[in-house]
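Nothing in this text is a laboratory measurement; each read-out follows from the coordinates by a stated rule. Just so it is clear, the structure is predicted and the values come from calculations on it, not from any experiment. Heads up, the Cβs are rebuilt from the backbone with ideal geometry, glycines too, and the neighbour counts pull from every protein chain shown.
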Amino acid sequence: MTPNQTVAFHTFGCKLNFSETSTISRQFESAGYGVVSFNQPAAYYVINTCSVTEKADKKCQQLVRSIKRQNPSSKVIITGCYAQLKPEEILNLKGVDLVVGAQDKFSILEHIEKSNTSLNTKIKDVKSFKPAYSLGDRTRSFFKVQDGCDYFCSFCTIPLARGTSRNASIKETVKVAKEIAKHPIKEVVLTGVNIGDFGKSTNENFLDLITALDTISGIERFRISSIEPNLLSNNIIDFVANSKKFVPHFHIPLQSGDNEILKSMRRRYNKELYTERIQYIREKLPDACIGVDVIVGFPGETQESFESTHSYLNLLEVSYLHVFPYSERMNTTAKRMQSNRVDIGVRKQRSQQLQLLSKKKQTLFYQKHIGKKRNVLFENENKDGFMYGFTDNYLKVKKAFDPSLKNTIFPVMLNKLEGFEFLTY
């Protein structure tokens, strides 16, 4: 390995980005490059970006400046959502050598030594799809089975950054899953922008996909990362309830518990439909973990509509909340709703209120499982003499480090609860 054959990667954002970065990294390794950690000197630094919030953009900018201070002769390549949405802005950053949009992110290796500075196809022309998966963690892999979104919610830039909904065929997806199964991976997390929409580009559907994946030997667990409530059918819930591999864990975006706000967001459901989904899961899988995404401070969210959301969530039998203060994004419908703008301080205050509610929900969920036995997938790392793992329904478990349990699924009695961890011996 020579100095000009070293590359480092950094990923911002979602599990989807992690699966893509890992796949790109393996392309470099196959070509003879040495992949080093991001805090080491390297000839090339590849940053896979997120652009969900303005804060995400700024983090990327700060990282570029830090790289150039420490390694002024290195080349910096920016890809991901920020690169697709704002290529000109990134090119104006001192120290950026190449900006790569959605169409070409898996072709970075072919372009880094050329004189290009920007590879940025118009998003309407981005049609390709490449399955991707992560291998950095021996215990689990994030598996990208779908990309893009056709929904155009009024607050969201993802369709502008990733294009329309698309996927590989079930046959090709299963083939890639079998590649993952050759590695010492026990759990696969299915990821995508809108995975419930799987099959739209191939005349298939998500239920058929998970039915096919359920038959693959060598993978003991499949976890669905996030799925829209209008796409989470009773048939899918029934399938998970009867599957030995798909775990009882659903992450279902809500965004608001007020129907008028949902309508303004251009969401494709109302809270009545959402309630039906939660109730059906609880009927079929009483111990299932259910996570919820919520946005606070969306334009037009009055104190009354926020309290409606808070009251709705307080009564809903869910396990935790992911709370996001609304962030204005360029080229979205919501950005133009300036007359109904919610003060940033109010957004922060409402976010804190829902964070407290989330802790209450999570506490109740953990307490509900005291005295029960669940299977735990233990991870490899020794952290101060302890190892950690998660049950099938996403409860965190802590145990004195035992090398024989690394990357194994082991039954544990959940007796001693410390915060949001079960301690076992």
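Tabulated values for the structure
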item: Value of Rg/Rh across the chain [Cα atoms, Kirkwood radius]; result: 0.96
item: 26 Å Cα-Cα threshold exceeded, pairs from Lys105/Lys406; Lys55/Lys361; Lys124/Lys348; Lys144/Lys396; Lys178/Lys361; result: Lys105/Lys406; Lys55/Lys361; Lys124/Lys348; Lys178/Lys361
item: Efficiency of FRET from Cβ geometry, Ser37 and Asp137, R₀ 22 Å, rounded to 0.05; result: 0.90
item: Relative frequency of Cα-Cα separations exceeding 16 Å in segment 95-186, percent; result: 65
item: Semi-axis lengths, Å, segment 3-123, gyration tensor of Cα atoms, sqrt of 5 times eigenvalues; result: 19, 16, 14
item: Percent of Cα-Cα distances greater than 15 Å, calculated over segment 343-384; result: 66
item: Taking Thr23, Thr309 and counting other C-beta atoms within 10 Å, the order from fewest to most; result: Thr23, Thr309
item: Likely footprinting exposure, Lys399, Lys175, fewest C-beta neighbours within 10 Å first; result: Lys175, Lys399
item: The chain, helix-only ellipticity at 222 nm - DSSP H runs n ≥ 4, -39,500 (n - 2.57), divided by all residues, nearest 500; result: -10000 deg cm²/dmol
item: Along each principal axis, Cα extent of segment 227-293, largest first, Å; result: 40, 18, 17
item: Equivalent-ellipsoid semi-axes of segment 179-266, from the Cα gyration tensor, Å, largest first; result: 27, 14, 12
item: Radius of gyration and Dmax over the Cα atoms of segment 129-247, both given in Å; result: 13.9, 42
item: Relative contact order computed over the chain (Cα-Cα under 8 Å; 6+ residues apart), in percent; result: 10
item: Kirkwood hydrodynamic radius (C-alpha pairs) into Stokes-Einstein, segment 310-425, 10 °C and 1.306 mPa s, D in µm²/s; result: 94
item: Percentage of interatomic Cα-Cα distances in segment 372-424 larger than 17 Å; result: 23
item: Cβ-based net charge around Thr424, under 13 Å, with every Lys or Arg adding one and every Asp or Glu removing one; result: +4
item: Dimensions in Å of segment 244-401 - Rg and Dmax from alpha carbons; result: 18.2, 56
item: Dimensionless Rg over Rh [segment 26-83; C-alpha; Kirkwood]; result: 1.00
item: Burial ordering of Glu307, Glu179, fewest other beta-carbon atoms within 10 Å first; result: Glu179, Glu307
item: Normalised per residue, the volume of the convex hull around the Cα set of segment 322-362 (Å³); result: 70
item: Any cysteine of the chain lacking a neighbouring Cys Cβ under 4.7 Å - listed by number; result: Cys14, Cys50, Cys60, Cys81, Cys149, Cys289
item: Span-rule helices in the chain, defined as complete DSSP H runs reaching 15 Å or more along the axis (Cα) with Kyte mean at least -1.0; result: 15-30, 170-181, 303-315, 344-367
